[in-house]
Amino acid sequence: HPGRPLLFPGISRASRGDEMLAHVAALFAEQGEKVLLVDADFERAGLTAGLGAGTLGGLQNAIVAPRNWQDHLLTTSFPNLAFLPTGRGNVTVAGAADTLASLIPKLEAEFPLVLIDGGQSNGSILMPLARSCDATYFVIRLGATDAKEAQGALTSFRAAGARVMGCVAVMASE
C-alpha cells in the first residue's frame, strides 16, 4: 500500500519536534513498520546534527537531483528505520515546489511511513512540502507557544492547501 507522509512543523522557535519525532520513528520501526525519517528543517537541522550526518548529502541534494534521492538515505541502528538528512545546498521555494510534488510520492512508494521534521512553521519550503504530505501535525511546546501564532500558522497552512490534522504537544527539554 502507498506510504503515509506526515509533516511535523513547530509553531514557534521554541517548538522543536526533532527529538519527539526521532523517538516516534524508532517506536514504529521497533514494531516492524518500515519508516523513513526526514529532516526538512534547513535552518536548525536538529535531526541531522543529532544523528551525526551534518556533512552528508540529503533532502536538499535530492531536491536538486531527484533521481538520486536514494543515494542520500542513511541506515540507523534500528532495523526498518532509514534517515534522510537535511543535506547541503541552496534550495529555493520556487525550485522546490514542483520537485517536492514528485519526490514525496517516490518516498511513499518505498516507505509505508514517512515522518518529516519541518522545523519552524515559517520555514521556506514548508508550504509546498505540506501540500505534498497526507497530513500536517503542528508541534507546540507546552507553556511556550503563543495562541495567536498558532492560529496564524493554521490559517496560512490551510490557505496553502495543507491538510492540518492536529497538533502534538511537547514538554520543554531544558
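The values are calculated or read from the model by the stated rules, or taken from the named source; none is laboratory data. As the structure is a computational prediction, the values presented were derived from the model and not from experiment. Neighbour counts run over all protein chains shown; Cβ positions are idealised from the backbone, glycine included. When the accessible area is computed, the model is the full protein with side chains, heavy atoms only, and any ligands, DNA or RNA have been set aside. Shrake-Rupley method; radii C 1.70, N 1.55, O 1.52, S 1.80 Å.
Here are some notes:
- Its Cα centre serving as origin, the stretch 28-174 has a Cβ charge dipole (Lys and Arg +1, Asp and Glu -1) of approximately 280 debye.
- Carbon and sulfur %, accessible surface of the chain computed with the full protein complex present, 1.4 Å: 54 percent
- The sum of -39500 (n - 2.57) across all DSSP H runs of n ≥ 4, divided by the residue count of the chain, sets its helix-only mean residue ellipticity at 222 nm to -10500 deg cm²/dmol.
- Using the 1.4 Å probe convention, the accessible area of the stretch 1-148 works out to 45 Å² per residue with neighbouring protein chains retained.
- With the gyration tensor restricted to C-alpha atoms of the chain, the semi-axes of the equivalent ellipsoid amount to 23, 19, 15 Å, longest first.
- Separation of alpha-carbon centers, the stretch 92-164 and the stretch 32-83, rounded to whole Å: 17 Å
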